[in-house]
Amino acid sequence: MTRSGMPVIAMIILALVVTACGDTPPATDTDTSEAPAASVDAAESTAPAESAAPGETTDNRLALVQERGELICGVNGSLPGFSFLDDQGQNTGFDADFCRALAAAVLGDPEAVDFRALSADQRGPALQTGEVDVLIRNTTWTVGRDTAWGLFAPTTFYDGQAIMVDSTAVDATTLEDLAGATICVQSGTTTELNLADTFSSLGVDIETQVFADIDPTYAAYEEGRCDAVTSDRSQLVARRTAFANPDDHVILEAVLSKEPLGPVAPLGDHEWFNVVKWVVFATIEAEELGITSENVQDMAETSVNPVVLRLLGQPVPDTDPFDSGLGLEPDWVIDVISAVGNYAEIYDRNLGPGTPFDLERGLNSLWTDGGLLYAPPYR
Amino acid sequence: MTPEPRSTSATTVPPWRDVRVLRIAAQVVVIVVFGVLVVFIARNFLGAMEERGLGFGFSFLGRSAGFDISESPIPYTPADTYSTAFIVGLLNTLFVSLVGIILATILGVIVGVARLSPNWLVRRIASGYVELIRNTPLLVQLFIIYFAVFLQLPSVAQTLTFPGSIFVNQRGLFLPGPQLNASFPIWLGLVAVGIGVLVAARIYARRREDAGRPQPGLRSIAWIVLAGIVVIGWVITAPVVFDLPVRQQFNFAGGLALSPEFSALLAGLVLYTAAFIGEVVRGGIQAVRRGQLEAARALGLSEGDTLRLVVFPQALRIIVPPLTSQYLNLAKNSSLAIAIGYPDLFKVGQTMANQTGQPVPVIMMVMATYLAISLFTSALMNLYNRRVQVLER
């Protein structure tokens, strides 16, 4: 064989190999990726999340998560009360606790969660590409997001959009008082769109100053770059606690829009969506039945109420064992409640009277107390 | 001994040893491999997109945007389409990049020359500046300039007022805004006439000089005539009306406003890129042969004249290619505007990607636009480069 023949032969073999590979149609990727360590260190969480694991879409995410042994949860990371890092470097908050509840239900271990901090702009694509298993990041349920981003689980927090002003600098009580003012807002949020809609329908002119991240938004507002800042009321209350003079800042009474916040599961996977949905319902139902993290074991053993027994996966006398069909262990609710408690405990621990926020339950009470929380029967 | 005769057609070479055939075969193989790779990637991409339900289409461009953009060179409301919003972002990026390139070049040349100054203090300051700025991340510098400099200016209630209706506060710099009148074209016409007179006068003076009968003062008279036409024409036609900024309850309305976001981004980009340009300029100047400097000194040229007439034209040959890179860097670094709230192309693109739920087409549009800007800039610079290179001989 001559020298000049070898390269040609090699090229032809390479071409054949590539052609053979090229004809394979792209298959659904159900391989599990290497999960990074469960403990999150401060530097990693405060920066916007890189796509560490390649996004995977699958219609069997429950099996994927159980095989991986860890739940990848997209959270805010910078919102006190909902998800932020405390001084021990643990992700704490209302949303973070629901991540733990889901992990307890699916994996039996509430700490098997990989928290991914996502900005408002990143959360949609992160969910669409399958980079996170679930998005629990104070996300408002809208029809556009329902069709584009993912399936919305029941609302865990009924909120509304509000505006906060510095009462020492700005004298305003209604929206009309803000004519000509500059208002800080984050990009990629329903807040941004609602702001434009509300003020144009009122016929009031305002200037908006839009930031990509949550921290520069509130920093600029505090510096005085904007006269007001707008977001969900709970977010305003939460961020206000970190200001230099929290009492100077007043949230106007006006409610600009409905903001139902809840977890979001990726599109296309009904089994996984049912799991997420029923974890939320379980916490609400537990509050309704009076099951708390302290008495859940007791009630499992000693209760005679068939509703309680069925929820806790215990055998009900004179009936066949109940299979929810969710694909979880029968006593998954016991795991959830003993890990994070019922809805009232989650709320009180993160946003209740003992915290700097002291948010009233309001619409976030049970339907029996005049609120909007209503869990379907578990049977 | 005579060399062997070359092979004639009587001794044909088999195809697998014929160099011409092999060359063509190699090309074909490479093309096939490349084509297969492209097809594979495209199919993989489209398949993955469909799987994730991301959709691929540009129909959203005609829909109403719904979000506001805080500053825009053309009139924009949330009711305008996504394509209008995209264009606004593009114009903002182009504006900050253009002004940034001009200012960074000026500052960079000053810094580069200062680093070679015989004055010890000037040299130290320039070196310190370059080392500090080059070795810290641009994003950090932008945050510092925005939060620690521009937002620390006095609040609106304590605005600094300057004569001529100029106001400075943390919400921006407010100047009287020129508004063009209906008589502006008339004034432009008068100026054009004046320039025509000037050009004609210069040509005539040149002709007279070439013929050996110089007419002194012709050029100066032409310049004075032009100046007279400009000034008198301005006074008579009043082509520009100034819109003064007026304090409203919260902000200033009217006039020309430079927002702190724009100023901070511009300052950050200029300071950062000027450090790099300074080094490029210094390298170019130092590459000019010492013999040139000595010859210029021997001729009695001053320092300034040496720099301007001898060193710089030769240094430009070395400076222009890396300078092009720095210009492209500046244009691309302007995308960091998203961190401090300046609505540039990238930020508008991000918002669009989020609100439409179709990140991939939007990202492709943004990338294509940045590519176009960069290619255009480097094409222009390469034209200039060719001119500079030819001038040597």
statement: Rg/Rh over Cα atoms for segment B:194-256, Kirkwood Rh, comes to 1.41
message: Test of understanding: what is the full-extension gain from B:Ile203 to B:Met367, defined as 0.36 nm times their sequence separation minus their Cα-Cα distance?
response: 54.1 nm
Packing-based exposure ordering (other Cβ within 10 Å, fewest first) of A:Leu256, A:Leu311, A:Leu178: A:Leu256, A:Leu178, A:Leu311
message: Based on DSSP loop calls and a cut-off of at most 16 other Cβ atoms within 10 Å, the longest stretch of chain A free of exposed GluC sites (Glu not before Pro) is what?
response: A:112-252
field: Selected from B:Asn181, B:Asn329, B:Asn382 as most flexible by GNM, with chain B as the system and alpha-carbon contacts under 10 Å
entry: B:Asn181
message: Need the full-extension length gain, B:Ile125 to B:Leu380, defined as separation in residues times 0.36 nm minus the C-alpha distance. One decimal, nm.
response: 88.5 nm
query: What is the P(r) of segment B:20-127, as percent of Cα-Cα pairs per 5 Å bin from 0?
result: 2, 9, 9, 7, 7, 8, 8, 10, 10, 10, 10, 7, 3, 0
Rounded to 5, percent antiparallel among DSSP beta bridges of segment A:154-269: 65
query: When B:Leu46, B:Leu301 are ordered from fewest to most other Cβ atoms inside 10 Å of their Cβ, what list results?
result: B:Leu46, B:Leu301
query: Can you pull the semi-axes for segment A:304-343, root of five times each eigenvalue of the Cα gyration tensor, sorted largest first, whole Å?
result: 19, 13, 7
field: Value in Å of the Kirkwood radius, where chain A supplies the Cα pairs that are averaged
entry: 22.7
- request: Quote the Stokes-Einstein diffusion coefficient, in whole µm² s⁻¹, for segment A:91-157, based on the Kirkwood radius over alpha carbon pairs, a temperature of 25 °C and a viscosity of 0.890 mPa s.
  value: 194
task: In whole Hz, with x marking every Gly and Pro, tabulate ³J(HN,Hα) for segment A:291-299 from phi via Karplus 6.51 cos²θ - 1.76 cosθ + 1.60, θ = phi - 60°.
output: 8, 10, 5, 7, 9, 5, 5, 4, 5
statement: For segment B:150-207, the convex hull over Cα atoms projects on average to an area in nm² of 7.3
query: Relative to the compact globular guide of 2.2 N^0.38 Å, what is the alpha carbon radius of gyration of segment A:159-259, as a ratio?
result: 0.95
statement: Ordered by fewest other Cβ atoms within 10 Å, a rough proxy for footprinting exposure, B:Met365, B:Met49, B:Met352 read B:Met49, B:Met365, B:Met352
- prompt: So how far, in whole Å, is the C-alpha centre of segment A:175-189 from the one of segment B:215-292?
  reply: 34
- request: Mind running the shape call on segment A:256-307? Use the C-alpha gyration tensor, a ≥ b ≥ c as the square roots of the eigenvalues: rounded below 1.5 for a/c, prolate if a/b tops b/c, oblate otherwise.
  value: oblate
- line: Cα gyration tensor of segment B:248-357 diagonalised, 5x eigenvalues square-rooted, in angstrom largest first, produces semi-axes 44, 19, 9
- prompt: What share of the DSSP beta bridges in the protein assembly as shown is antiparallel, in percent to the nearest 5?
  reply: 70
query: Build a GNM of chain B with springs between Cα atoms under 10 Å: which of B:Ile319, B:Ile363, B:Ile186 gets the top mean-square fluctuation?
result: B:Ile186
- prompt: Going by the alpha-carbon gyration tensor, a ≥ b ≥ c the square roots of its eigenvalues, is chain B rounded (a/c under 1.5) or, if a/c is not under 1.5, prolate (a/b greater than b/c) versus oblate?
  reply: oblate
Mean projection area, nm², convex hull over Cα of segment B:62-185: 13.1
- line: Taking Cα atoms only, Rg over Rh for segment A:127-187 with Rh from the Kirkwood formula is 1.13
statement: Taking 0.36 nm per residue of separation between B:Asp18 and B:Ile144 and subtracting their Cα-Cα distance, the length gained on full extension comes to 38.7 nm
A:Ser78 long-range amide H proximity, modeled H, under 5 Å: none
query: So what is the diffusion coefficient of segment A:191-230 in µm² per second by Stokes-Einstein at 20 °C and 1.002 mPa s, using a Kirkwood Rh over Cα pairs?
result: 196
Debye log10 I(q)/I(0) at q = 0.08 Å⁻¹ for the protein assembly as shown, Cα point scatterers: -0.87
message: Using DSSP H assignments, which helices in chain B have an axial alpha-carbon span of 20 Å or above and a mean Kyte-Doolittle hydropathy of 1.6 or higher?
response: B:19-51, B:82-114, B:218-237
query: What share of the DSSP beta bridges in chain A is antiparallel, in percent to the nearest 5?
result: 60
- request: Quickly work out the B:Leu116-to-A:Thr241 label distance, labels modelled 7 Å from Cα along the C-beta direction, and quote it in nm with one decimal.
  value: 6.1
- request: Excluding B:Thr306 itself, calculate the net charge of residues whose Cβ lies under 11 Å from the Cβ of B:Thr306, where each Lys or Arg counts +1 and each Asp or Glu counts -1.
  value: -1
query: Which of the chymotrypsin sites (Phe, Trp or Tyr not before Pro) found in segment A:280-379 are loop residues per DSSP with 13 or fewer other Cβ atoms within 10 Å of their Cβ?
result: A:Tyr374
query: Based on the alpha-carbon gyration tensor of segment B:98-252 and its eigenvalue square roots a ≥ b ≥ c, which shape applies: rounded if a/c is under 1.5, prolate if not and a/b is larger than b/c, or oblate?
result: oblate
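Only the coordinates and a few stated rules stand behind these numbers; no lab work does. Just so we're clear, the structure is a prediction, and the values are computed from it rather than from any experiment. No Cβ is skipped: glycine too gets one built from the backbone with ideal geometry, and neighbour counts run over all protein chains shown.
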